[in-house]
Amino acid sequence: MSSRPYSESCERNREPILAVLRRHFAHARQVLEIGSGTGQHAVHFAAAMPWLRWQSSDHRDHLPGISQWLEATGLANTPPPIELQAVTSPVPGLAPPPVLPQNASGSGFDAVFSANTLHIMGWDQVQALFAGLSPLLATAATLVIYGPFNYGGDFSSDSNRTFDAWLKGRDPRSGIRDFEAVDALARAQGWTLREDVAMPANNRCLVWTRQLGMGATG
């Protein structure tokens with residue numbers, strides 16, 4: 001039996017997410033995954049989209065498990081995972097600063113992906129995540145975030161309501177985020193929503209694009 005960390009939900013949602021990523025990452029080359037968790041998404045998406053260099057990242061405690069998946073698959077386009085966290089001090093952002101890849105338009109990642117992270121963080125950390133993206137990006141970039149969201153202040157299903165109560169019971173700062181609040185936060189950082197895709201199990205895939213230097217406030 002493998003000792004690698006395993007998430008059943010990653011196995012269930014990877015194909016619907018991949019269908020979205022294939023469309024929106026078709027012209028990307030350097031992807032930063034924030035909150036890679038077990039590492040299952042990293043190896044699946046990197047194998048399915050070999051034109052991408054897929055950089056996984058997470059809290060240092062998760063890096064050994066991610067490394068197990070990367071080493072087991074041995075893909076040429078999955079470098080070792082890096083430590084990266086949304087931090088609120090001394091200034092909101094993403095730390096520690098990673099080494100930026102090179103693109104045709106300069107240094108930085110031209111795509112960012114994150115799954116099932118915003119509802120785990122406190123809202124101040126969600127704000128820090130968006131604030132910290134700009135220094136890491138190439139001139140043009142695409143952002144895809146997967147997970148559950150509320151709309152109009154309401155839960156989209158009874159299961160999401162139950163999940164939100166479970167999250168808050170574990171950590172009062174966490175909880176399913178309102179789509180409108182997240183989109184407003186993204187727009188304040190210069191992102192434009194391109195697609196909001198309904199996914200299985202009452203989840204969504206939100207896709208934004210950004211051209212740095214055009215409309216950004218941070």
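The values are calculated or read from the model by the stated rules, or taken from the named source; none is laboratory data. Everything numeric in this text was worked out from a predicted model, so none of it was measured. For neighbour counting, all protein chains shown are included, and Cβ atoms are generated from backbone atoms with ideal geometry for every residue, glycine included. What goes into the accessible areas is simple: the full protein's heavy atoms, side chains included, and nothing from ligands, DNA or RNA. Shrake-Rupley method; radii C 1.70, N 1.55, O 1.52, S 1.80 Å.
Can you tell me which of (1) open to solvent by less than 10 Å² (accessible area, probe 1.4 Å); (2) touching a Ser or Thr at 6+ places or on another chain (Cβ under 8 Å); (3) assigned to a helix (DSSP H, G or I); (4) not β-branched (Val, Ile, Thr) is the one residue 124 doesn't meet?
That leaves (1) as the condition not met.
Collect the residues in the range 155-214 that are open to solvent by less than 70 Å² (accessible area, probe 1.4 Å), hydrophobic (A, V, I, L, M, F, W, C), closer than 19 Å to residue 10 by Cβ and part of a helix (DSSP H, G or I), keeping them in residue-number order.
Within the range 155-214, 163, 167 meet the criteria.
Would you be able to tell me the number of residues in the range 58-104 that are open to solvent by less than 20 Å² (accessible area, probe 1.4 Å), within 18 Å of residue 25 (Cα to Cα) and among the small types (Gly, Ala, Ser)?
0
Here is a check on your reading of the model: is residue 33 in contact (Cβ under 8 Å) with a residue 40 or more places away in the chain, acidic (Asp, Glu) and open to solvent by less than 60 Å² (accessible area, probe 1.4 Å)?
Judged against the criteria, residue 33 is a match.
Looking at (1) hydrophobic (A, V, I, L, M, F, W, C); (2) in a helix (DSSP H, G or I); (3) farther than 23 Å from residue 47 by Cα; (4) without any contact (Cβ under 8 Å) to a residue 60 or more places away in the chain, find the lone condition where residue 70 falls short.
Unmet for residue 70, out of (1) hydrophobic (A, V, I, L, M, F, W, C); (2) in a helix (DSSP H, G or I); (3) farther than 23 Å from residue 47 by Cα; (4) without any contact (Cβ under 8 Å) to a residue 60 or more places away in the chain: (3).
Please verify whether the range 156-169 includes one or more residues that are of a type in the set (Ser, Thr, Tyr), more than 20 Å from residue 21 (Cβ to Cβ) and free of Cβ contacts under 8 Å to residues at least 40 places away in the same chain.
First pass over the range 156-169, keeping only residues of a type in the set (Ser, Thr, Tyr): 156-157, 159, 162.
With more than 20 Å from residue 21 (Cβ to Cβ) added as a condition, the list becomes 156-157, 159, 162.
Those left that are additionally free of Cβ contacts under 8 Å to residues at least 40 places away in the same chain: 162.
Looking through the range 156-169, at least one residue is of a type in the set (Ser, Thr, Tyr), more than 20 Å from residue 21 (Cβ to Cβ) and free of Cβ contacts under 8 Å to residues at least 40 places away in the same chain.
Can you tell me which residues in the range 1-26 are open to solvent by 80 Å² or more (accessible area, probe 1.4 Å), closer than 18 Å to residue 116 by Cβ and outside any loop (DSSP other than H, G, I, E, B)?
Those that are open to solvent by 80 Å² or more (accessible area, probe 1.4 Å), closer than 18 Å to residue 116 by Cβ and outside any loop (DSSP other than H, G, I, E, B): 8, 12, 15.
Determine which single condition residue 145 fails, assuming it passes every other condition in (1) assigned to a strand (DSSP E or B); (2) among the aliphatic types (A, V, I, L, M); (3) over 21 Å from the mean Cα position of the chain (by Cα).
(3) is the only condition that residue 145 fails.
Against the conditions (1) in a helix (DSSP H, G or I); (2) in contact with a His (Cβ under 7 Å, 6 or more places away or on another chain); (3) closer than 13 Å to residue 34 by Cα, where does residue 129 fall short? Just the number, please.
It fails just one condition, (2).
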